[in-house]
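For reference, the structure discussed in these notes is given below.
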Amino acid sequence: MTEPSKVIHVRNVGHEISEKDLFLLFQRFGAITKLVMLRAKNQALIQMQDVPSAISALQFYANTQPSIRGRNVYVQFSSHQELTTVDQSQGRGDEPNRILLVTIHHVLYPITVDVLYQVFSPHGSVEKIVTFQKSAGFQALIQYPSQQSAVAARTALQGRNIYDGCCQLDIQFSNLDELQVNYNNDRSRDFTNPNLPTEQKGRPSQLGYGDAGNMYGGVQGSGARAVGYPQMPNAAAIAAAFGGGLPPGITGTNERCTLLVSNLNPDSIDEDKLFNLFSLYGNIVRIKLLRNKPDHALVQMGDGFQAELAVHFLKGAILFGKRLEVNYSKHPNITQGADTHEYINSNLNRFNRNAAKNYRYCCSPTKMIHLSTLPQDITEEEIVNLLEDHGTIVNSKVFEMNGKKQGLVQFDTEEQATEALVCKHATSLSGSVIRISYSQLQNI
């Protein structure tokens, strides 16, 4: 018999099963500190915070068959006593150092320098923070003046969540001796040198630490709500994403996640088209068309702030000849059923990656749409052919940015641009799944 370990081996993990599904299966037994998906083998390895947590999980599932999305999965202790998943180019595991390498799993809200400062500063004076995206996910390097502070931070925070149920911290010691910071902005900060440029000229200053401090009460353990958290725990991160303040008309205090959308065109609308439109303002959990009211639908957003953005920017928008009404629903969520469409694990949800950038792009419908993830050999003519069924194209342009082809298309009206977006976003063009959003440019 395999010796008990804090690492659990999960078998029969189908391609439809996500990291989030596995988190939900095991998080009730304690904090999950690491998760490795072995897709080629249909397996996964999950490291709990300690051996008793893993034993509790396996004892529970010895009497109850664990099942995810209708598929039985099988669990046992792993032969590994510890998982090593750190990027070896920057991390050295358990050998203490004053610089921490932090990997953040299951990111649902934007993680900025300001957010990380509020999390890590209670454990010592933070000198520098650098954030970046790697294959392992969203990562950050955090430098303290002493090894003692870094050890204290790692001991206190390892395996904990920044927000309830998401943004879990996986902390290792870095092998770097000193961080080099060139810019002070929402991606990097040198707190010992406040005079560094922001990189982006004319951008408003970031949210002050005093303001952010009023919004954060600490870091949450798995499943626990920390005292002092605000109604909207991501408010400070969102404010930083918008350059220091929320858009006019946005309060950041709404807690209702489900929206009632009415005056739809039942002959033209479906769940995927609604997803394409509402996912511009946040992640979508699920959508339900009301069969007894064919021009009504319920849309459940990822959180109350994202729902507020959708209400603010989409109310009165015209789609398929109808002026939309978007209001908060009396239902706190949409009950999962045969007539609901699930999107919580869709890789088309825009805010799982580059969330801060996507928040900054939020706006009311415009006449101009932006196309990305295009084939490298795409032509302007092919783009026009793809979209011209939806209205009069006034102007179009194909260009290259960071080695990737992108496009801009200007329609005669906002309604035509919106129809093109909801119908053609996430469609395949020459093998590439194209992404479409509104552009705030006035002309090409």
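The values are calculated or read from the model by the stated rules, or taken from the named source; none is laboratory data. The shown structure was predicted, so the numbers you read here are calculated from the model rather than taken from an experiment. Methodologically, a virtual Cβ is constructed for each residue, glycine included, from the backbone with ideal geometry; neighbour enumeration extends over all protein chains shown. Only protein heavy atoms, including side chains, enter the accessible area calculation; ligands, DNA and RNA are left aside. Shrake-Rupley method; radii C 1.70, N 1.55, O 1.52, S 1.80 Å.
Here LEU371, LEU408, LEU386 are screened, and the one residue that is touching a residue at least 40 places away in the same chain (Cβ under 8 Å), out of contact with any strand residue (DSSP E or B) (no Cβ under 6 Å at 6 or more places or on another chain) and hydrophobic (A, V, I, L, M, F, W, C) is LEU386.
So in the stretch 1-56, with the set limited to residues that are in a strand (DSSP E or B) and open to solvent by 50 Å² or more (accessible area, probe 1.4 Å), which one is nearest to LEU108 (Cα to Cα)?
Going through the qualifying residues, I end up with LEU38.
Scanning the stretch 250-264 for residues that are in a loop (DSSP other than H, G, I, E, B) and of a type in the set (A, V, I, L, M) yields ILE250, LEU264.
Suppose we filter the stretch 333-357 for residues that are open to solvent by 30 Å² or more (accessible area, probe 1.4 Å) and under 19 Å from the mean Cα position of the chain (by Cα); how many remain?
Result for the stretch 333-357: 9.
Quick check: anything in the stretch 155-173 open to solvent by 50 Å² or more (accessible area, probe 1.4 Å) and without any contact (Cβ under 8 Å) to a residue 60 or more places away in the chain? Looking for residues that are open to solvent by 50 Å² or more (accessible area, probe 1.4 Å) and without any contact (Cβ under 8 Å) to a residue 60 or more places away in the chain, one finds at least one in the stretch 155-173, hence yes. Among the residues of the stretch 384-408, those that are touching an Asp or Glu at 6+ places or on another chain (Cβ under 9 Å) and in a strand (DSSP E or B) comprise ILE393, VAL394, SER396, LYS397, VAL398, LYS405, GLN406, GLY407.
Scanning the stretch 277-332 for residues that are basic (Lys, Arg) and surrounded by 16 or more Cβ atoms within 10 Å (Cβ to Cβ) returns ARG286, LYS288, LYS322.
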